[in-house]
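Sharing a structure with you now.
Read-outs: derived from the displayed coordinates by stated rules, not from any lab. Predicted, not measured: the structure shown is a model, and the values here were computed from it. Cβ placement follows ideal geometry from the backbone for every residue including glycine, while neighbour counts extend to all protein chains displayed.
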Amino acid sequence: MGPVSRLAAFAGSLGSDGRIQCALCPKRCRIPEGLRGACGTREHRDGALVAANYGRVAALALDPVEKKPLYHFKPGANLLSIGAAGCNLSCSFCQNWHLAHPPAGEIPGDGLGPRGLVKLLEDYRDANCAGVAYTYSEPLMWYEYIMDAAPLVREAGYQNVLVTNGFAETEPWSSILEWIDACNIDVKGFDPDFYRRECGGELGVVRRNVEFAVNAGVHVEITLLVIPEGTDDPERLQEMVDWLSGMDENIPLHIARYFPHHRMRRAATPLGTLLRVQEMAMQKLNNVFLGNVALPDGSDTTCSGCGHLLIERNGRRVKTRGVTEAGHCAKCGKRATVVW
């Protein structure tokens, strides 16, 4: 199928210089006719801003919800994971750079309209599919498509999941969260200089949007990639833990091991560093998990009241243990902070 496009939301008027401004993210790109913004997807075409990646699915798979990662949302279920090209950050360590920033002018993927997505969901109903995850690159750059698809997905009885960098302006962020049931927000670190230098973003914007999502009642989990001499500073990590625990001590934090990718060629994160970060974080957070590494108990959910094992994870195998039908710990009776 050919490309599908539509007028983009949050577009400013034409300036006297012939450029049109995009207001989706804080970069506020002013785009000349025939060109695209920093994300590579929002195009100035004939005096209007167009979503050039609308309906263009460049990646699609049925994934375990734990792969997003989401550990306290529908454990053991699957999600139809879809993604399109484009990202508004430029992380030097990006693991999906080929999709986030394809060659200039290219928008890979096949056309799939919002109703076609719902129809595809129905095909996976018997595969324990709980809904759709908008993921792989940066789904906020697929804003118009998600805003069309998410209400249809919810109407059909499924969940909408967003795996995002959270780097968006307030109005589009609040609008899209109305249709999102759960999100994993990738906080790239807790040093504003690192955010600007290595990612081309602003930590303050992401902090604001995480807080907004939590306060809006969306199920939120956080991922932090621990990069040697980048995001592993103990003081910054403590600041991040204090910030998260100040919102809700039950917010799941996924501490992921870094491996060399894209432009960053530093050595992989030592396992000892991950364990130290986990130990520090667990002083204030109840649910701290290790990612990109297979370590005993690093992915398990235990009761914050008595330490009893509630959910055991071994690769893609998930076993719920010691939980009552009402979702409480079978040993001490404390409610598990999990969306079942």
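On a 0 to 90° scale, report how tilted helix 203-215 is relative to the longest principal axis of the chain, with both axes built from alpha carbons and the result rounded to the nearest 10.
The angle comes out at about 60 degrees.
Starting from the Cα coordinates of region 63-168, work out the convex hull volume and express it per residue in Å³.
In region 63-168, the Cα hull volume divided by residue count equals 109 Å³.
Let me ask something else about it. How high is the relative contact order of region 200-340, given as a whole-number percent (alpha carbon pairs under 8 Å, six or more residues apart)?
16 percent
Which value in deg cm²/dmol, rounded to the nearest 500, describes the helix-derived mean residue ellipticity at 222 nm for the chain, given -39,500 (n - 2.57) per DSSP H run of n ≥ 4 and division by the residue count?
The per-residue figure over the chain is -6500 deg cm²/dmol.
Would you mind computing, in nm to one decimal, how far apart the modelled labels at GLU249 and ARG317 are, each placed 7 Å from Cα along Cα→Cβ?
Roughly 3.4 nm, to one decimal.
Treat each spin label as a single point 7 Å out from the Cα along the C-beta direction, and report the LYS334 to GLN95 distance in nm.
It works out to 3.0 nm between the two label points.
Work out the FRET efficiency for ASP110 and GLU155 from their Cβ-Cβ distance, taking R0 = 22 Å, and round it to the nearest 0.05.
0.35
Can I ask one more? Nearest-5 percent of antiparallel DSSP beta bridges in the chain?
Percentage antiparallel, nearest 5: 50.
Dipole size in debye (nearest 20) for the chain around its Cα centre, Lys and Arg Cβ +1, Asp and Glu Cβ -1?
Here the size comes out at about 440 debye.
For the chain, what percent of Cα pairs sit more than 26 Å apart?
Value for the chain: 49 percent of Cα pairs lie more than 26 Å apart.
How many nm separate the modelled label positions at ALA294 and HIS262, each set 7 Å beyond the Cα in the direction of the Cβ?
2.8 nm
Moving on to the next point. Grab the other residues whose beta carbon is less than 13 angstrom from that of TRP142, score K and R as +1, D and E as -1, and report the net.
Charge balance near TRP142 sits at 0.
Identify, among TRP142, TYR71, ILE107, the residue whose Cα sits farthest towards the positive end of the charge dipole of region 71-185, taking +1 on the Cβ of Lys and Arg and -1 on the Cβ of Asp and Glu, with the dipole about the Cα centre.
Among TRP142, TYR71, ILE107, the one farthest towards the positive end of the dipole of region 71-185 is TYR71.
Taking 0.36 nm per residue of sequence separation and subtracting the Cα-Cα distance, how much length would be gained by fully extending the chain between GLU33 and GLN238, in nm to one decimal?
Residue separation times 0.36 nm, minus the Cα-Cα distance, leaves 69.2 nm.
Continuing with this model, one more query. From largest to smallest, what semi-axes in whole angstrom does region 300-340 give when each is the square root of 5 times an eigenvalue of its alpha carbon gyration tensor?
17, 11, 8
Treating the angle as unsigned and between 0 and 90°, give the value, to the nearest 10°, between the Cα long axis of helix 234-247 and the longest Cα principal axis of the chain.
Value to nearest ten degrees: 90.
How much length, in nm to one decimal, is gained on full extension between ARG208 and LEU60, taken as 0.36 nm per residue of separation minus their Cα-Cα distance?
Extra length from ARG208 to LEU60 when fully extended: 50.3 nm.
How large is the charge dipole for region 6-51, taken about the Cα centre, if only the Cβ atoms of Lys, Arg (+1) and Asp, Glu (-1) carry charge, to the nearest 20 debye?
Its charge dipole is roughly 180 debye.
Now for a different question. Taking θ = phi - 60°, what integer Hz values does the Karplus form 6.51 cos²θ - 1.76 cosθ + 1.60 yield along region 17-32, in sequence order, with x for Gly and Pro?
Karplus values, whole Hz, x for Gly and Pro: 8, x, 9, 10, 9, 8, 10, 6, 10, x, 5, 6, 4, 9, 10, x.
In terms of Cα to Cα distance under 27 Å, which lysines are near enough to LYS319, apart from those fewer than 8 places away along the same chain?
Straight-line reach from LYS319, under 27 Å: LYS67, LYS68, LYS74, LYS284, LYS331, LYS334.
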